[in-house]
Amino acid sequence: MTFELNQVYNEDCLVTMSRMPPDFIDLTVTSPPYDNLRTCYEHSFDYEVIEALYRVTKTGGVVVWVVGDATINGSETGTSFKQALYFKEVGFNLHDTMIWNKPNFSNPSKTRYHQIFEYMFVFSKGKPKTFNPIKDKKNKYLTCVGRNTMRKANGELVDIKKNIGNEWGMRTNVWNINTVSQEMMCKKPPHPAMFPCKLANDHIISWSNTGDLVYDPFAGGGTTLKMAIRNHRNYVGSELSGEYCKIIAKQIDLEVSSDIY
């Protein structure tokens, strides 16, 4: 079976994945439609997508699943957890439960604390074959505070040189990343539910290597595919909306023709 890479397929992702051979994808980074929070999607989420992702993901491959929950009749739906448990049921490991912490909130609540995060579930098919940790967390212990000493057997007090490590350490699994509305301040995003570029970029760097294949089954505005190109990965996208496929094509054309290389 042959399958053309570096393409966006204007079709249901189940159709796209049905043409993929098994053990094909290195990394999936996506956010599925959930709880009818967006009217821009033409269909609701189908759990068969998770089963199909397991088939096409390589052993050691990773799926990053960004999802949240709507509040209906005073109760959160729990959709995020239901999907996460189904990933485990079909055979994925829940490698990490990460948090995308947003600096702002869009829907203030009068009865609960303001919601400012989404889950970023990291699923792996077996042990992840790639992990390139991003080290951008400032080491607050870099400057030595006070004296570090020891007393010798003869009673003499001597200073010990403190091993304070590197200036930057590995970040935590809570990522503080601006939303697209903050990235594109005073501009209208081309898609109503886009990933911020930094979120897609940092997951692609973390869980894949140059030349790997990155997939987005709900390509939307094409951010995952755009950042795959920027980081010298191959890509495949599925998007049901023809209108959004045109937006993705523009995004990809701009990326390929830019001076970033």
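Each value in this text was obtained by applying a stated rule to the coordinates, not by laboratory testing. Quick caveat: nothing in here was measured; it's all calculated off a predicted structure. Using ideal geometry, Cβ is built from the backbone for each residue, glycine included, and neighbour counts are taken over all protein chains shown.
Please work out how much length the chain gains when fully extended from Glu156 to Glu243, using 0.36 nm per residue of separation minus the C-alpha to C-alpha distance, in nm with one decimal. It would help to have the intermediate numbers written out before the result.
Numbers: separation 87, 0.36 × 87 = 31.32 nm, distance 7.74 nm.
So the extension gain works out to 23.6 nm.
Placing a label point 7 Å from the Cα of Lys198 along the Cα-to-Cβ direction, the residues of the range 226-259 whose backbone N falls under 18 Å of that point are 227-228, 231. With neighbours defined as other Cβ atoms within 10 Å of a residue's Cβ, the residues Leu14, Leu53, Leu157 order from fewest to most as Leu157, Leu14, Leu53. Here's how it looks for Glu11: its modeled amide H is under 5 Å from those of Glu239, Leu240, which are all 5 or more places away or on a different chain.
Annotation note: trypsin sites (Lys or Arg not before Pro) in the range 58-113 located in DSSP loop regions with a Cβ neighbour count of at most 16 within 10 Å are Lys110, Arg112. Within the range 192-225, find all residues whose amide N lies under 17 Å from a label point positioned 7 Å from the Cα of Met170 along Cα-to-beta-carbon. Output list for this probe position: 202-209.
Remark: Phe117, Phe218 ranked as Phe117, Phe218, counting other beta-carbon atoms within 10 Å and listing the fewest first.
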